[in-house]
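All remarks here apply to the structure that follows.
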């Protein structure tokens, strides 16, 4: 049975999920308003804003879920910290010291790019080595610094004194009878094993999402910037011999970015859903979405130039 110590709540952390919802809502509003405008710079700008708001909202949403679930568990052999599906394990034999946050000497922040009230990340500090932060505050009086060989882990329990006392007691009472990985000389991390966290931890997802969105915006930009110069009727389909088989209003071009957006959303979702069981299939779905966008871009280039 593990002893659980909740992380200290923070105002910024509590606001993460509402802020994410607001960002995503504003992104949807910008997208809907942009879709109602005539093709042009205004539509393009609003769609770019929608993409940026959607990306920011998604990142804050993920971090908000991590914040809500952040806690520290002390088992018979180690301290365990779950963050976005991964688990950091700090075996008791690896603990060399347990200190208050003042020991950090001002180095109480995981990094500059972070959400206020969610102080999570890795940083290397001269004289202290690599540090892993799983905290909700930068106030040194609220932090606990657990040192290991060449580094340490920083946490912010709701009651730092209670956490430090319990950890000292577990380390002192620990009998070196455990075998395997929990006799490690330092902390180590277990990768996520369940959806959607396996996909979130995969760098392919961020790369494919970013590239797919950029190509889709390029398709939209090409249509918007060339729209006024196009004739009212365009050949949109050709037969096997290359002759025009379908002529339609140029407004039908705007269906192509919509088709691309739907393809991105479906492939991203399916890839995330299957990633935990079939990593390769998940990546192929993400790459497939990019290929569709490239095909659309080539088609639009042929139609508007």
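Points to keep in mind about this one:
Condition check ((1) part of a loop (DSSP other than H, G, I, E, B); (2) in contact with a helix residue (DSSP H, G or I) (Cβ under 7 Å, 6 or more places away or on another chain); (3) on the phi > 0 side of the Ramachandran plot; (4) modelled with pLDDT under 90) across all residues:
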{"position": "223", "(1), (2), (3), (4)": "no, yes, no, no"}
{"position": "242", "(1), (2), (3), (4)": "yes, no, yes, yes"}
{"position": "255", "(1), (2), (3), (4)": "no, no, no, yes"}
{"position": "265", "(1), (2), (3), (4)": "no, no, no, no"}
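- Filter pass, residue 213 being touching a residue at least 60 places away in the same chain (Cβ under 8 Å) and assigned to a helix (DSSP H, G or I): yes
- From 32, 49, residue being without any contact (Cβ under 8 Å) to a residue 12 or more places away in the chain and either outside the structural domain of residue 174 (by TED's automatic domain parsing) or more than 30 Å from residue 150 (Cβ to Cβ) (or both): 32
- Single unsatisfied condition, residue 66 versus (1) more than 30 Å from residue 190 (Cα to Cα); (2) assigned to a helix (DSSP H, G or I); (3) in contact (Cβ under 8 Å) with a residue 40 or more places away in the chain: (1)
- Selection status of residue 120, over 20 Å from residue 77 (Cα atoms), crowded, with 20+ Cβ neighbours inside 10 Å and modelled with pLDDT of 90 or more: yes
- Candidates 61, 70, 113: the one that is surrounded by fewer than 16 Cβ atoms within 10 Å (Cβ to Cβ), under 21 Å from residue 202 (Cα atoms) and within 18 Å of the chain's Cα centre (by Cα) is 113.
- Once segment 130-157 is narrowed to residues that are over 26 Å from residue 11 (Cβ atoms) and either in contact (Cβ under 8 Å) with a residue 60 or more places away in the chain or more than 26 Å from the chain's Cα centre (by Cα) (or both), the residue that is surrounded by the most Cβ atoms within 10 Å (Cβ to Cβ) is 148.
Every residue, every condition in (1) over 25 Å from the mean Cα position of the chain (by Cα); (2) in a helix (DSSP H, G or I); (3) within 30 Å of residue 156 (Cβ to Cβ); (4) modelled with pLDDT of 90 or more, yes or no:
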site	(1), (2), (3), (4)
9	no, no, yes, yes
18	no, yes, yes, yes
23	no, yes, yes, yes
29	no, yes, no, yes
42	yes, yes, no, yes
45	no, yes, no, yes
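The values are calculated or read from the model by the stated rules, or taken from the named source; none is laboratory data. From a predicted model like this one, the values you see are computed outputs, not experimental measurements. As a convention, Cβ positions derive from the backbone with ideal geometry for all residues, glycine included, and neighbour counts pool all protein chains shown.
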